[in-house]
1. Determine, yes or no, whether Ala211 is among the hydrophobic types (A, V, I, L, M, F, W, C), part of a helix (DSSP H, G or I), over 19 Å from Gly27 (Cβ atoms) and touching a residue at least 12 places away in the same chain (Cβ under 8 Å).
2. Can you go through Leu228, Leu194 and tell me which one is assigned by TED's automatic domain parsing to the domain that holds Leu240, part of a loop (DSSP other than H, G, I, E, B) and either closer than 30 Å to Gly144 by Cα or of a type outside the set (S, T, N, Q) (or both)?
3. Applying the selection to segment 212-231, what residues are touching a Cys at 6+ places or on another chain (Cβ under 9 Å) and either at pLDDT below 95 or under 17 Å from Asn183 (Cα atoms) (or both)?
4. Gly102 versus (1) in a helix (DSSP H, G or I); (2) under 20 Å from Ala143 (Cα atoms); (3) at pLDDT below 80; (4) small (Gly, Ala, Ser): which is the lone unmet condition?
5. Which of the residues that make up segment 124-144 are in contact with a strand residue (DSSP E or B) (Cβ under 7 Å, 6 or more places away or on another chain) and assigned to a loop (DSSP other than H, G, I, E, B)?
6. Do we find a residue being farther than 16 Å from Ser87 by Cα, out of contact with any Pro (no Cβ under 6 Å at 6 or more places or on another chain), in the same structural domain as Met153 (by TED's automatic domain parsing) and at pLDDT below 90 anywhere in segment 39-59?
7. Which one of these is touching a residue at least 24 places away in the same chain (Cβ under 8 Å), in the same structural domain as Ser148 (by TED's automatic domain parsing), touching a helix residue (DSSP H, G or I) at 6+ places or on another chain (Cβ under 9 Å) and charged (D, E, K, R): Lys73, Lys82?
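The values are calculated or read from the model by the stated rules, or taken from the named source; none is laboratory data. Model, not experiment: these values are computed from the prediction. Cβ placement follows ideal geometry from the backbone for every residue including glycine, while neighbour counts extend to all protein chains displayed.
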Amino acid sequence: MSIFTYSTYEDIPTLDDVKREITSIVGLREIKVQLEKIVEKIIAAEHDASDSFRVVPPKLFHMVFIGNTGTGKSTVARILGKLFYLSGALPSHDVIETGLRGKMKTGEGGILLVDIDEQDLDSKKLDEVISIMDEEETSVIFAGNRTSLNQTMKLNKELYKRFSASLQFDDFTCEEFAMIIQNKMNDQGEDSLLRGFELDASCTTDNIAKAIAEESFEELRSQLNAYLVDQMLLEAKACLEKRVGGKSETKISLRDLAMGIRNATQIYKKLLCL
C-alpha cells in the first residue's frame, strides 16, 4: 500500500510484489542494487509514517536509460513506476511507451518512456517532451543506445539539464541468455505458444550457454538481446516436432534447443543483413 494515496486502481502494486519482480531480473546487477536501495527507502518511510512522523514524498526526477534493444529497459521502467508510486513521488504507476516520431502523450502522472532512435530525432518533439518534464507531474525516461542519446542531447542544450540520473544496461552474456530461456520455459502464460512444453534435464544453464555461444554470434546477440529468446524457443519446438514426427513429445532436448538457436540466428541474420 502506498504511503500517499492520490487515486484508486483496480490493481494496486504492493512492495512485496515489486521486490519479487526485482529478484527475478536476470543480469543488470548494479541496476538491481539501485532498485533495492529505493525499496529500502520506502520501507524506512513506511516505518516513520507508522510512528507518526511526518513523511515528505521524494521529489520527482527524470532519467536516462543507456543500452541496446532487449536489455530490460522497459521492464525496469515498469518497476520504477511502481516504486515511485509507492513512495508517493507519482500519483500513478502507469508507464506509457512512445517514440519521438509518434504522437507525444503525457504519462498522466506516471512514467513516460521515450524510445530514442537515431532515425527519429525531431527537435520539435523534444520541445514537447521538455514541456511535459516541466509540468512536474510525469517522470520522463529517455531510453536508447549511447550514440542515439548523445545525438538527441545535442539537438537541445536545455534537455540534458533536466535529467538527474542515468542507468547503464549491459548486453546479456551467454549465461544470462541461458537463464532467460529457462525462466521463460518455467513461467509460461496461458497464451504462450510454448505452453505444455518443457526443457529436458540436459538443458542445464551451462549447456544452454555453450549452445548459445556456438550457434549464435555476438553482434546479433548485442543488437537484439532478450528479443532473440522467443524465436529461439519457437524454432526449438519446431525441431522437436520434426524429430518426433507427430508423436506426443513435450520435452525439448539440448539438441533441439541448439538447432533452434541456430535457426533463429539465421532468420535474424537475414532480416538484419548481418
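1. No: the conditions fail for Ala211.
2. On the way: Leu228 fails: part of a loop (DSSP other than H, G, I, E, B).
Of Leu228, Leu194, the one residue that is assigned by TED's automatic domain parsing to the domain that holds Leu240, part of a loop (DSSP other than H, G, I, E, B) and either closer than 30 Å to Gly144 by Cα or of a type outside the set (S, T, N, Q) (or both) is Leu194.
3. Ile212 - this is the single residue of segment 212-231 that is touching a Cys at 6+ places or on another chain (Cβ under 9 Å) and either at pLDDT below 95 or under 17 Å from Asn183 (Cα atoms) (or both).
4. (1)
5. The one that is in contact with a strand residue (DSSP E or B) (Cβ under 7 Å, 6 or more places away or on another chain) and assigned to a loop (DSSP other than H, G, I, E, B): Thr138.
6. Within segment 39-59, one or more residues are farther than 16 Å from Ser87 by Cα, out of contact with any Pro (no Cβ under 6 Å at 6 or more places or on another chain), in the same structural domain as Met153 (by TED's automatic domain parsing) and at pLDDT below 90.
7. Details: Lys73 fails: touching a helix residue (DSSP H, G or I) at 6+ places or on another chain (Cβ under 9 Å).
The match here is Lys82.
Yes/no matrix, rows are residues, columns are (1) over 18 Å from the mean Cα position of the chain (by Cα); (2) among the acidic types (Asp, Glu):
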{"residue": "Ile130", "(1), (2)": "yes, no"}
{"residue": "Ser139", "(1), (2)": "no, no"}
{"residue": "Thr152", "(1), (2)": "yes, no"}
{"residue": "Gln182", "(1), (2)": "no, no"}
{"residue": "Thr204", "(1), (2)": "yes, no"}
{"residue": "Glu218", "(1), (2)": "yes, yes"}
{"residue": "Leu240", "(1), (2)": "yes, no"}
